[in-house]
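Chemist: The following block contains the structure, expressed as structure tokens.
The values are calculated or read from the model by the stated rules, or taken from the named source; none is laboratory data. As the structure is a prediction and not an experimental result, all values here were calculated from the model. Note that we place each Cβ from the backbone using ideal geometry, even for glycine, and neighbour counts take in every protein chain shown. With ligands, DNA and RNA removed, areas are computed over all heavy atoms of the protein, side chains included. Shrake-Rupley method; radii C 1.70, N 1.55, O 1.52, S 1.80 Å.
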Amino acid sequence: MARYIGKEMSRVDGVAKVTGKAKYAAEFQVPGIAYGFIVQSTIGKGTIKSIDTAEASRAPGVIRIYTHENAPKPAPPKSAELKPQTNSQERDKSFRALQTNRIFFNMQPIALVLAETFEQARYAARLVKASYAEEKPMTDMEAELKSAFMPNPQRAPKPRGNPSEAFQTAAVKIEAEYTIPVEHHNPMEPHGAIAFWENEKLTIFDKTQGVYTVRTHLATSFGIPEENVSVVSPFVGGAFGSSLRPNYYPWLASMAAREIKRPVKLVYTRQQMYTGHGYRPQTWQKVALGADKNGKLTSIIHEAANNSSTFEDYSDNTTNFPRSIYACPNVDSPQKIVKTDMSTPCAMRAPGAVSGMFALECAMDELAYSLKIDPLELRLINYADVHPDSGKAFSSKALRECYHLAAEKFGWKNRKLEPRSMRDGRMLVGWGMATGVWGAFQQPASVKITLRADGTAYVASGTSDIGPGTYTVITLIAAEYLGLPAEKVKFELGDTKFPRAPVQGGSFTTASVGTAVYESAQNIRQKLLDLAGKEANSPLKAAKIDEVEFADGKLQIKNEPARSISVSEIMRRNNLTELTDIHEAKPSPERNKYATGAHGAQFVEVKVDPDLGIVRVTRVVEATACGRIMNPKTSHSQEIGGIVWGIGMALTEATEIDHRYGRIMNPNLQHYHVPVNADVLEVETMFVEEDDKIVNPLGIKGMGELGMVGIPAAIANAVFHATGKRVRDLPITPEKLL
């Protein structure tokens, strides 16, 4: 009987967050701190001819100014760090500031001003003058689609069957192009770090999704052993992928701190975040669907291209998830990139999947109308019972149940097929639906558990909590399997002094770290059982590990509480004050025999003002199948967050670029529009739980990204149903409907 798993639990870090006790990267108090401020380029491409820091250097409080002319260079990579595929002399191609006079993108850092106060650094930054040899930047991806190429053709999935021939001979076919603009993460906490050195040892407080990736990045940058770098990141005010890989500022802050022999704090302004950490790339897609008269798909050709930078090949894998959704014998899904004079994109919540499913699920809606088949019915006709590429059975897949449950709850059966056929007064009403998909990933992860004789436990792992509730869910899993009250368990994370864990991304944290906690608790149970079994009259003599459990501070035979010994008693008799276990959990080889994934169904109602073209999402019902739910309270919160973001992607979000200068025109929250409370009306999220011991012992699948995946498509489909206008270019703004 679960004591904690599956029951609602409030966030263990909630009070710390709302009272300001929780310390974020830039809030640590370090004596003698100097403040950095970044100066950015005003051109989008070219070279710096000269940079004049004389006036800025004389400004009050200025300590030093670094430019490409005087900034130290990172250590050359050791041969062991060379990329094996290329054997090239580079550690990684990620952007490094102040290394060259080349300008690769507008708002690129060209100087770092250090001063006694933030205001002094900011003031002096405005006095730095640069002259450029300007070149014409290319930031309009769609204008350069002819230059699109496959970055890794050998790794691309091969076509299934003969898609082009099947498309030519299909009884019913549709073909359409879909575009998604650049979008930015905009977490509440701006990116920032505080770095200081003690002899050859570096400590950095950084906003990151992976303390270990930052440690490796800085250790190799300075050519020092990894154990000489300590990265601390206990709280992160949102990241959504923008801190998955090290950004350019941790190196800048650490380099400056080493040079001036003082701690340095460096924090982005809101505007600097628009070129400081990547973004969801601009995406162009073309979907061609062929089907027979009964709606059975015979061909899917899904082409995609996204923009990247000139110095890195970033692919968003837009077509990867969509090709696994429907049973279709002939599929091709080429994924290309276009080089642009912008900073490199990065993963952003549900990377690739939400963009790819927007195009495929809108195309499925268009096909449903061509066939005059209900859109839900069309999806059930083409339901994939096994993985269409590998032919492997799914470890679990309750997508069909999600469709039925959400459709029933939403009242889908009352939908009229014809566009513009439903009204509420003068408002046009539209109902749309779509499918969500994400992986059920697990990565190797380590944890340290110390069980104490006083009935408390300490758990630590170098994972992150960027907001989904990792502190809470790991506390809950530890309490469950150590048989302790949750308030007796203390969990710490976000520090390289703790055992290694993967970055918080891909929705795999709970599956990875949670499995490590579960297995480590078993190890501790085994150690205690061995100690208890040594005694001649022990009630647990000859008991096996799977016959015993922790409960209320006791080790007992399952369902026989009378046969038990208190944990503190076992420890006392063996002169132990505590028992510690450090354990790494890895995905089981059993997983490879199956296809794994998490799925969901989204049903959306919109109301559209026919005179003004304003769209409101009035009702959303989402049913999600992502294994076993650990904490319904934070899980529903994750799903609601995904829906809200989906509303933003569908209706408001776009990073506007002036292609004449390659400059972002709306790098702020005044002009980059995210949904607010008034945009979010009735939202209902439900879970269809799956019992899946193959994905991992706890049966956990990722949900953080999944909740967003089908939403933009469902909204676009609802808008078509309401208005009869098919908008294939996000966001769906009023002028596109007028």
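Chemist: Which label marks the calculated value of mean projected area of the Cα convex hull in nm², given the options [x] 29.7; [y] 34.5; [z] 37.8?
Modeler: Comparing each candidate, only [y] matches the computed number.
Chemist: Past the 22 Å Cα-Cα mark, which pairs from Lys296/Lys693; Lys23/Lys490; Lys49/Lys261?
Modeler: Lys296/Lys693; Lys49/Lys261
Chemist: If you don't mind, there's one more thing I want to ask. How high is the FRET efficiency between Arg270 and Lys78 when r is their beta carbon distance and R₀ equals 51 Å, given to the nearest 0.05?
Modeler: That gives a FRET efficiency of 0.85.
Chemist: Roughly how far apart, in whole Å, are the Cα centres of region 504-518 and region 713-735?
Modeler: 37 Å
Chemist: Another question, if that's okay. Please report, as a whole percent, how much of the solvent-accessible surface of region 443-586 comes from carbon and sulfur atoms (probe radius 1.4 Å).
Modeler: For region 443-586, the apolar C and S fraction of the accessible surface comes to 47 percent.
Chemist: Could you give the size of the charge dipole of the chain about its Cα centre, using +1 on the Cβ of each K and R and -1 on the Cβ of each D and E, expressed in debye and rounded to the nearest 20?
Modeler: The dipole of the chain has a size of about 660 debye.
Chemist: Quick one: what are the phi-derived ³J(HN,Hα) couplings along region 452-457, Karplus 6.51/-1.76/1.60 with θ = phi - 60°, whole Hz, x for glycine and proline?
Modeler: Couplings: 9, 5, 7, x, 10, 9 Hz.
Chemist: Divide by every residue of the chain the summed helix terms, -39500 (n - 2.57) for each DSSP H run of at least 4, and state the resulting mean residue ellipticity at 222 nm, rounded to the nearest 500 deg cm²/dmol.
Modeler: It comes out at -7000 deg cm²/dmol, rounded to the nearest 500.
Chemist: Calculate, for Asp658 and Glu69, the FRET efficiency according to 1/(1 + (r/R0)^6) with r their C-beta to C-beta distance and R0 25 Å; round to the nearest 0.05.
Modeler: That gives a FRET efficiency of 0.30.
Chemist: Same structure again: Lys416: which lysines have alpha carbons under 17 Å from its alpha carbon, excluding same-chain residues fewer than 8 sequence positions away?
Modeler: Here the lysines satisfying the reach criterion relative to Lys416 are Lys372, Lys607, Lys725.
Chemist: So what's the gap between the Cα centers of region 566-642 and region 1-76, to the nearest angstrom?
Modeler: 31 Å
Chemist: Let me ask something additional. What is the extension gain from Glu682 to Gln29, computed as 0.36 nm multiplied by their sequence separation minus the C-alpha to C-alpha distance, in nm to one decimal?
Modeler: 230.8 nm
Chemist: Something else now. Tell me, what is the per residue accessible area of the chain in Å², probe radius 1.4 Å?
Modeler: Per-residue accessible area for the chain comes out at 39 Å².
Chemist: Counting alpha carbon pairs within less than 8 Å and at least 6 residues apart, what relative contact order, in whole percent, applies to the chain? The partial results should precede the final answer.
Modeler: Values: 1859 pairs, mean separation 122.2, N = 738.
For the chain, the relative contact order is 17 percent.
Chemist: Something else about it: Could you name the lysines whose alpha carbon sits less than 20 Å from that of Lys336, not counting residues in the same chain fewer than 8 places away?
Modeler: Lys93, Lys146, Lys158, Lys286
Chemist: In nm, to one decimal, how far is the Lys93 label point from the Arg726 one, both placed 7 Å along Cα→Cβ?
Modeler: Going from the Lys93 label point to the Arg726 one covers 3.6 nm.
Chemist: What distance in nm separates the simple spin-label points at Lys7 and Lys21, each placed 7 Å from Cα in the Cβ direction?
Modeler: Between Lys7 and Lys21, the label points sit 2.3 nm apart.
Chemist: Rank-order 142-154, 262-274, 595-607, 296-308 by packing density, defined as the average count of other C-beta atoms within 10 Å over each peptide's residues, highest first.
Modeler: With the highest mean Cβ count within 10 Å placed first, the list reads 595-607, 296-308, 262-274, 142-154.
Chemist: Continuing with the same structure: For region 219-235 and region 414-462, write down the distance between their C-alpha centroids in whole Å.
Modeler: The distance from the Cα centre of region 219-235 to that of region 414-462 comes to 33 Å.
Chemist: In addition: In nm, give the distance between the simple-model label positions of Lys541 and Ala54, each being 7 Å from the Cα along the Cα-to-Cβ direction.
Modeler: Simple spin-label model gives 9.3 nm for this pair.
Chemist: Now a separate question. Share of region 593-689's accessible area from carbon and sulfur, percent, 1.4 Å?
Modeler: Working: 1900 of 3700 Å².
Ligands and nucleic acids excluded, carbon and sulfur reach 51 percent.
Chemist: Further question: At 0.36 nm per residue, minus the direct Cα-Cα distance, what do Glu142 and Thr100 gain on full extension? Give it in nm, one decimal, please.
Modeler: Working: separation 42, 0.36 × 42 = 15.12 nm, distance 2.92 nm.
Stretched out fully, the Glu142 to Thr100 stretch lengthens by 12.2 nm.
Chemist: Once the piece of chain linking Lys158 and Asn317 is laid out straight, how much longer is it, given 0.36 nm per residue of separation minus the C-alpha distance between them?
Modeler: The Lys158-Asn317 span can extend by a further 55.8 nm.
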